[in-house]
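The structure appears right after this line, and notes come after that.
Every number here is computed from the coordinates shown, using simple stated rules; none is lab data. Since we're looking at a predicted model, the values are computed, not measured. Methodologically, a virtual Cβ is constructed for each residue, glycine included, from the backbone with ideal geometry; neighbour enumeration extends over all protein chains shown.
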Amino acid sequence: MRALVVANPVATTTSRGVRDRVLATLAGRLDVQLAETTHRGHGAELARKACVDGVDVVVTLGGDGTVNEVVNGLLHDGPGADVPPLAVVPGGSTNVFARALGRARDPLAAATEVLDSLGAGRTRRISLATASARGVSTAPARLPDPALARAAADAGAAASPGWTEPRWFVFSAGLGFDADVIGRVEAHRARGRRSTGLLYVQEATGAFVLGRERRDPAMTAQLPGEPAVDGLFLCLVSNVSPWTYLGARAVNPTPDASFDSGLDVFALGRTGVLRMVRHVRAAFAARPDVRGDGVHRWHDLPELTLTARRPQGWQLDGDHLGTATGLRVVSVPDALTVVV
């Protein structure tokens with residue numbers, strides 16, 4: 001069986017030694033070809049070529065960003081019988097998708113699991129989703145400073161007309177507060193700071209307490225066949241449960257989300273500090289159930305459109321992509337075969 005291993009050499013927990021041991025493990029039972037990513041979007045290019053070359057399975061070794069790129073390459077021409085299955089070996093800081101598939105957090109253990117699953121033919125089809133943005137800032141996708149990017153957008157920086165081409169995401173999309181927090185963390189990473197759970201907590205706290213958005217929510221959600229919901233400052237779209245992790249702690253505002261259903265959405269309107277603390281505690285609970293004034297939850301949606309009165313940060317699979325004034329997400333059932 002021919003396997004292409006797409007590895008991100010700068011992923012948080014993927015050292016050269018770890019990479020070599022994972023490759024040696026996989027090579028014990030597979031005909032392995034290694035391809036390391038060298039630039040943004042390279043994973044998609046490699047995965048698209050793997051479809052053309054007739055590779056039997058594509059294995060990612062990296063974080064959720066690597067998985068996202070590879071999935072976008074595999075599904076460049078849409079789902080189909082000629083798309084090879086995807087196997088995931090975690091190598092990033094959070095690894096939400098790998099954990100949603102039940103993979104061990106240790107890369108070597110996960111590589112062994114992948115081999116056992118391939119030998120037993122354990123695969124499944126999962127639902128994914130696509131996202132298109134509107135009013136996208138022309139700033140680079142990885143912003144040096146999210147605050148500066150927002151100021152430029154508010155001042156009338158050039159933006160692309162209409163909706164962008166749909167892009168696949170595997171577990172989450174967001175417009176507003178969550179994307180801004182991710183952008184703040186990525187700005188720190190660009191300056192050499194390590195991404196940690198504590199850093200996310202610090203940036204989320206600062207953005208919420210001092211930020212403008214929760215005091216003057218700018219977003220509107222439009223669900224199929226329902227009245228629009230105005231006055232939102234946060235909107236999380238999930239394809240898995242938990243939505244993300246802080247280290248070993250699950251953050252789970254959408255506990256009913258599943259690869260077997262449509263999209264789950266968690267949104268918040270104007271919220272005070274004490275109420276937000278209660279919401280956060282509920283999302284961390286063993287049996288999460290975030291409810292209350294200003295909380296909106298929807299399950300198994302086929303699509304959702306978000307619009308905003310002013311530019312908001314947007315993210316896919318934990319990757320900050322700039323600012324936009326709209327986000328349209330569409331669920332795609334049975335989109336991809338994965339090794340489980």
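Quick notes
- Rounded FRET efficiency, nearest 0.05, which uses the C-beta distance separating Leu108 from Ala190 and R0 of 35 Å: 0.70
- Cα-centred dipole magnitude for the stretch 2-121, charges only on beta-carbon of K, R (+1) and D, E (-1), debye, nearest 20: 300 debye
- Remark: spin-label model distance Asp53-Glu303 equals 3.6 nm, labels positioned 7 Å along the Cα→Cβ axis.
- Only Lys, Arg, Asp and Glu carry charge here, each on its Cβ (+1 for the first two, -1 for the last two); on that basis the chain has a dipole of about 1040 debye about its Cα centre.
- Summarising the strand pairing of the chain, around 75 percent of its internal DSSP beta bridges are antiparallel.
- Neighbour-count ranking [beta-carbon atoms within 10 angstrom, fewest first] of Phe97, Phe171: Phe171, Phe97
- Of the trypsin sites (Lys or Arg not before Pro) in the stretch 240-340, the ones in a loop by DSSP (not H, G, I, E or B) with at most 16 other beta carbons within 10 Å are Arg270, Arg291.
- Distance from the stretch 113-133 to the stretch 24-78 (C-alpha centre basis), Å: 13 Å
- Note, ³J(HN,Hα) from phi for the stretch 72-87, Karplus 6.51, -1.76, 1.60, rounded to Hz, x at Gly and Pro: 5, x, 4, 9, 4, 9, x, x, x, 5, 8, 7, x, x, 10, 10
- Here the Karplus curve 6.51 cos²θ - 1.76 cosθ + 1.60, taken at θ = phi - 60°, turns the phi angles of the stretch 292-298 into couplings of x, 4, x, 8, 10, 9, 9 Hz, with x standing for Gly and Pro.
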